[in-house]
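What follows is a single structure, written as structure tokens, with notes after it.
The values are calculated or read from the model by the stated rules, or taken from the named source; none is laboratory data. Model, not experiment: these values are computed from the prediction. Heads up, the Cβs are rebuilt from the backbone with ideal geometry, glycines too, and the neighbour counts pull from every protein chain shown. Heads up: the accessible areas ignore ligands, DNA and RNA and are worked out on the full protein's heavy atoms, side chains in. Shrake-Rupley method; radii C 1.70, N 1.55, O 1.52, S 1.80 Å.
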Amino acid sequence: MKRRPVIAANWKMYKTIGEASSFFSSFLSEPIPNDVEVVLCAPYLCLPTLTKLAESTSVGIGAQNVHWKKEGAYTGEVSIPMLQEIGVKYVIIGHSERRAYFAETDQTVNEKVKAAVQAGLIPIVCVGETWEEREREETKQVVERQVHRAFAGLSPEQMNQCILAYEPVWAIGTGKASTVEDAGEVIAFIRQTIATIGGGQVAAAIRIQYGGSVKPENIATFLAHPDIDGALVGGASLKPDSFRALVAEASKRGDQE
Ligand code: PGA
């Protein structure tokens, strides 16, 4: 099955509103290929500006986290209706930085994924092992558990609404990307895991990205792997030229198919 590559920027805690708007005008100074799904996941404060700027373009705007309740006494949190009111379409859920620094668990990931798909938001669900887990040869066990728990209680249709991102924790922000062989092996395994949970059709259709030190110079090797459907990119997504180069590489993969 042909799956449309999805390149998502994860800006983390970078960019003021002003910086986000100048990024956007510069990024859009050249046309965006329409065979690639392009997503910008920005800090909350930038989202209203970005969704306005993106209105007549093919670029999707995403948040980097969300609460699963519609409203309530949850100081500092942001709900799905708040995001949807301003036109946000995607949300990163379970990024390893949230798991490591902000007490995100498999359980909260599951609550967030369920609430997001019910509301029609597209979750980008992150999974991945730490270096210690890799050294102990527990990578598959870890991602299998994370995928099972993230998707618990979802119908195959709801699973199909999600994007997965395999991000080995040790490769994030380190400049030390995984090899395509290792990433491809884990992503193929994640696809098999999806098949056991949601069936073969979902496994064939769901997009699985690689993330962790992806750059314009190495993205093509990852996208050449038949199981890798795009990338979730931190550092290299912060400059318009570099992000445009990543999207252009993904579009070339589309040409080859
Ligand atoms: P990186 O981050 O591209 O800077 O390694 C990826 C991510 O955290 O999603």
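Name the single residue, out of those in the range 139-189 being of a type in the set (F, W, Y) and within 11 Å of the ligand (Cβ to nearest atom), that is most open to solvent (accessible area, probe 1.4 Å).
If we take residues in the range 139-189 being of a type in the set (F, W, Y) and within 11 Å of the ligand (Cβ to nearest atom), then W170 is most open to solvent (accessible area, probe 1.4 Å).
Given the structure, is G198 within 22 Å of M1 (Cβ to Cβ), crowded, with 18+ Cβ neighbours inside 10 Å and more than 14 Å from the ligand (Cβ to nearest atom)?
In short, yes.
Which pairs turn up if I take residues in the range 160-187 that are in contact (Cβ under 8 Å) with a residue 60 or more places away in the chain and on the phi > 0 side of the Ramachandran plot and look for partners that are buried (at least 20 other Cβ atoms within 10 Å of the Cβ) and outside any helix (DSSP H, G or I) with beta carbon separation below 7 Å, at least 6 apart in sequence or on another chain?
As it stands, the answer is G173/G234, since those pairs meet every condition given.
Within the set of pairs 6+ apart or on separate chains, which have a first residue in the range 109-125 that is assigned to a strand (DSSP E or B), a second that is hydroxyl-bearing (S, T, Y), and C-beta atoms under 8 Å apart?
Short answer, once both residue conditions are applied: I122/Y90; P123/Y90; I124/Y90.
Yes/no matrix, rows are residues, columns are (1) within 30 Å of S251 (Cβ to Cβ); (2) within 16 Å of the ligand (Cβ to nearest atom):
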| residue | (1), (2) |
| --- | --- |
| F27 | yes, no |
| C41 | yes, yes |
| S56 | yes, no |
| Y101 | no, yes |
| C126 | yes, yes |
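Would you pick out the residues in the range 26-56 that are modelled with pLDDT of 95 or more and more than 22 Å from G234 (Cα to Cα)?
Answer for the range 26-56, where residues must be modelled with pLDDT of 95 or more and more than 22 Å from G234 (Cα to Cα): K52, E55.
Which condition breaks for F23 when tested against (1) in contact with a Lys or Arg (Cβ under 9 Å, 6 or more places away or on another chain); (2) outside any helix (DSSP H, G or I); (3) among the aromatic types (F, W, Y)?
F23 satisfies all of (1) in contact with a Lys or Arg (Cβ under 9 Å, 6 or more places away or on another chain); (2) outside any helix (DSSP H, G or I); (3) among the aromatic types (F, W, Y) except (2).
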